[in-house]
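Please read the structure below before turning to the comments.
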């Protein structure tokens, strides 16, 4: 059989026009991953897919529905994952057209298509075989596929006897209701209960018998082979395929041994902190170290009031002050411990808390907020919608004052703030603040305020907020 390889400067691709008037079949090779990556990725992704709530194992094509359509909001799309093992799945078709991105196993994958129409197949089963065309994808490759509805297709490993999986794919159904669908399937789709098997039609028995009886010789089917580093069939290609096959078996076996779960983390969002250039106009901080301060910063955090209705600013501020003591952020605590080791020989103050609120651990006589927290000054308005306290201490090299405040605003919002002023008293104090200024402004204060807020008000979160914060 003749073969000719053509070099291309972009993604190698194949476009097979439909001889029955439908949409073309389009396959594009994007990239080749490291040796054995295909088997490893398919094994890990398949294990995660199996644990998904939308997993279903049918028709030799295990799949999971990752996202369904939302017709009420005008979104007819849905997203599925699916796996095809070494021997492939049966030939089948779907009413709507398909677009998917996949990773081939470490033995490569053969994509098989027939554009024979249902009417042609019903009239002459051999028309299915005459409409066949194949596209070969190398091992460990990322590729995309797009084809029209009613296109018969089957995917299988290029080396099925070696046990390499064919592929793992993410398939986008661009219109879940696309194509000529029976009424019961349409109803299932609108109820968001459709699955890949329910949207699949297998070959008629007359055609399947032809395949079972050996009427098809794959070697005789017109085939396009896409590749990246070397032409298909070349010595370099064969050696690479052999090496990838060995690596794939090893890495695939290791992926089966490892735990296949994952992790989900969230940063920012609901507890995002803003930095202000000046304290609010009614902040007690303006009355501290007047006319002679060398550092100033204010961090502000907005909190949804939905879960803390009925609590005044005094009670909220008490919870926040307690949280500064009970939940210091580990990063700040570790840096404070390091600072304490450095400055203790100099006779400077040390504390396990970050400096803005370190005086909360003080025991000296003086004013106390709520008869508990040592403060320099405090103020609560008549409506108990704005409460603030001044913390601070004097050291050999500087004096600092911090204002912790809680303001209950309209529209269901609470505003929490932590502001600090520093007055340097000698040359060492100026040098010290030059070193810690950026750290204090951009990390210590915002992080401490966020950590205290999350600790103080976690129990008051609404169910929706709790899901957003911890999902």
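Every number here is computed from the coordinates shown, using simple stated rules; none is lab data. Keep in mind it's a predicted model, so treat the numbers as computed, not measured. Glycine also receives a Cβ, built like all others from the backbone with ideal geometry; neighbour counts cover every protein chain displayed.
Starting with the fewest neighbours, write out 336, 224 ranked by other beta-carbon atoms found within 10 Å of each beta-carbon.
The fewest-first ordering by Cβ neighbours comes to 224, 336.
When only C-alpha pairs under 8 Å and at least 6 residues apart count, what is the relative contact order of region 269-470, in percent? Working shown, then result.
Numbers: 354 pairs, mean separation 61.9, N = 202.
Computed over region 269-470, the figure is 31 percent.
Rounded if a/c is under 1.5, else prolate if a/b is larger than b/c, else oblate: which is region 269-470, with a ≥ b ≥ c the root eigenvalues of its Cα gyration tensor? Let's see the in-between values first.
Details: a/c = 1.81, a/b = 1.52, b/c = 1.19.
The shape class here is prolate.
Which value in deg cm²/dmol, rounded to the nearest 500, describes the helix-derived mean residue ellipticity at 222 nm for the chain, given -39,500 (n - 2.57) per DSSP H run of n ≥ 4 and division by the residue count?
Values: 11 runs with 126 residues, N = 471.
Here the helix-only value at 222 nm equals -8000 deg cm²/dmol.
Computed over the Cα atoms of the chain, what is the ratio Rg over Rh, Rh following Kirkwood? Show your work: numbers first, answer last.
Numbers: Rg = 33.3 Å, Rh = 27.7 Å.
My calculation of the ratio gives 1.20.
Rounded, prolate or oblate for region 111-207? Axes are the square roots of the Cα gyration tensor eigenvalues, ordered a ≥ b ≥ c, and the cut-off for rounded is a/c under 1.5.
Working: a/c = 2.12, a/b = 1.20, b/c = 1.77.
Oblate, because a/c is 1.5 or more while a/b does not exceed b/c.
How tilted is helix 235-257 with respect to the longest principal axis of the chain? Cα atoms for both, answer in degrees (0 to 90, nearest 10).
Result, in degrees: 50.
Taking Cα atoms, how many degrees apart are the long axis of helix 330-343 and the longest axis of the chain, rounded to 10 and kept between 0 and 90?
Helix 330-343 and the main axis of the chain meet at about 50 degrees.
Which whole number in µm²/s is D for region 300-402 by Stokes-Einstein, with the Kirkwood Rh taken over Cα pairs at 10 °C and 1.306 mPa s? Mind dumping the intermediate values first?
Numbers: Rh = 15.3 Å.
My calculation gives 104 µm²/s for D.
Quick check on the exposure proxy: order 299, 198 from fewest to most C-beta atoms within 10 angstrom.
Details: 299 23, 198 13.
Arranged by neighbour count, lowest to highest, 299, 198 become 198, 299.
Kindly identify region 13-257 as rounded, prolate or oblate by the Cα gyration tensor criterion: order the square roots of the eigenvalues as a ≥ b ≥ c, call it rounded if a/c is under 1.5, otherwise compare a/b with b/c, prolate if a/b is larger, else oblate.
On the way: a/c = 1.80, a/b = 1.21, b/c = 1.49.
It comes out oblate by the Cα gyration axes.
At what distance in nm do the modelled label points of residue 346 and residue 228 sit from each other, each positioned 7 Å from its Cα along Cα→Cβ?
5.5 nm
Angle, helix 313-326 long axis vs. longest principal axis of the chain, Cα atoms, 0 to 90°, nearest 10?
It is inclined by approximately 80 degrees.
For the chain, what relative contact order do you get, as a whole percent, if you take Cα pairs closer than 8 Å and at least 6 residues apart?
Across the chain, relative contact order equals 15 percent.
Using a simple spin-label model with points 7 Å from Cα along the Cα→Cβ vector, what separation in nm is obtained for residue 254 and residue 292?
6.6 nm
Taking the Cα centre of each part, how many Å lie between region 23-37 and region 43-97?
The two parts, judged by their Cα centres, are 19 Å apart.
Could you give the length gained by full extension between residue 52 and residue 338, i.e. 0.36 nm per residue of separation minus their alpha carbon distance, to one decimal place? All intermediate terms of the calculation are to be shown ahead of the outcome.
Numbers: separation 286, 0.36 × 286 = 102.96 nm, distance 4.51 nm.
Using 0.36 nm per residue and subtracting the Cα-Cα distance, I get 98.5 nm.
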